[in-house]
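Asks: Below: one structure in structure tokens.
The values are calculated or read from the model by the stated rules, or taken from the named source; none is laboratory data. Keep in mind the model is a prediction, meaning the values are calculated, not measured. In this analysis, Cβ positions are derived from the backbone assuming ideal geometry, glycine residues included, and neighbour counts consider all displayed protein chains. Accessible surface areas use protein heavy atoms only, side chains included; no ligands, DNA or RNA. Shrake-Rupley method; radii C 1.70, N 1.55, O 1.52, S 1.80 Å.
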Amino acid sequence: MSLSGLADAVLADATFAGALRDARGGAVRTLDLTAPEAMRPFAVAGLVRAGRTVLAVTATSREADDLVAALGDLLDPALVAAYPSWETLPHERLSPRSDTVGRRLAVLRRLVHPGDDATNGPLKVVVAP
């Protein structure tokens, strides 16, 4: 289900519209936005609509998964990727699982060398815990 109509209504807010105008016009190279958790998907979708590529950083893997799911309702899901956490602490003598390493490499590859289909096409949003 697409919620793009809801996104249009939320992004019409004067504060959002001003921030997105700055993002679209290139007035600022980086944009730091602080908002309640429920506004995150709308802010990210607005930045993508403004032509920006977004790195969204969350506190936990669960928040990252929730944000990816919410963005799938506002944007084309093929434009959004989750960059999984490393799963181990730097001082531990453990390696992350091989599928985690593979998913991380797949996201990095899509950023540098995007393909032509939905499974490996260009990314507009990367969500990392």
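Asks: If you scan region 47-69, which residues turn out to be modelled with pLDDT under 90 and among the small types (G, A, S)?
Replies: A50, G51
Asks: Pick out the one residue from A14, A59 that is among the small types (G, A, S) and under 19 Å from A128 (Cβ atoms).
Replies: None of the others qualify; the one that does is A59.
Asks: Let me ask something additional. Of the residues in region 49-67, how many are surrounded by fewer than 20 Cβ atoms within 10 Å (Cβ to Cβ) and among the aliphatic types (A, V, I, L, M)?
Replies: Qualifying residue count for the region: 4.
Asks: Quick one: what pairs do we get from region 46-68, first residue over 16 Å from L111 (Cβ atoms), second loosely packed, with under 15 Cβ neighbours inside 10 Å and of a type in the set (D, E, K, R), C-beta under 7 Å, 6+ apart or different chains?
Replies: A50/R24; G51/R24
Asks: Any idea which residue in region 72-108 is nearest to T53 (Cα to Cα), counting only those that are among the charged types (D, E, K, R) and within 16 Å of the chain's Cα centre (by Cα)?
Replies: Once the filter is applied, the top-ranked residue is D76.
Asks: What is the residue count in region 17-48 for residues that are over 16 Å from L75 (Cβ atoms) and open to solvent by less than 70 Å² (accessible area, probe 1.4 Å)?
Replies: 9
Asks: Continuing with the same structure: Name the pairs whose Cβ atoms lie under 8 Å apart, with the first residue in region 26-41 and among the hydrophobic types (A, V, I, L, M, F, W, C), the second surrounded by 10 or more Cβ atoms within 10 Å (Cβ to Cβ) and part of a loop (DSSP other than H, G, I, E, B), and 6 or more positions between them or separate chains?
Replies: Listed pairs, sorted by first residue: L31/R52.
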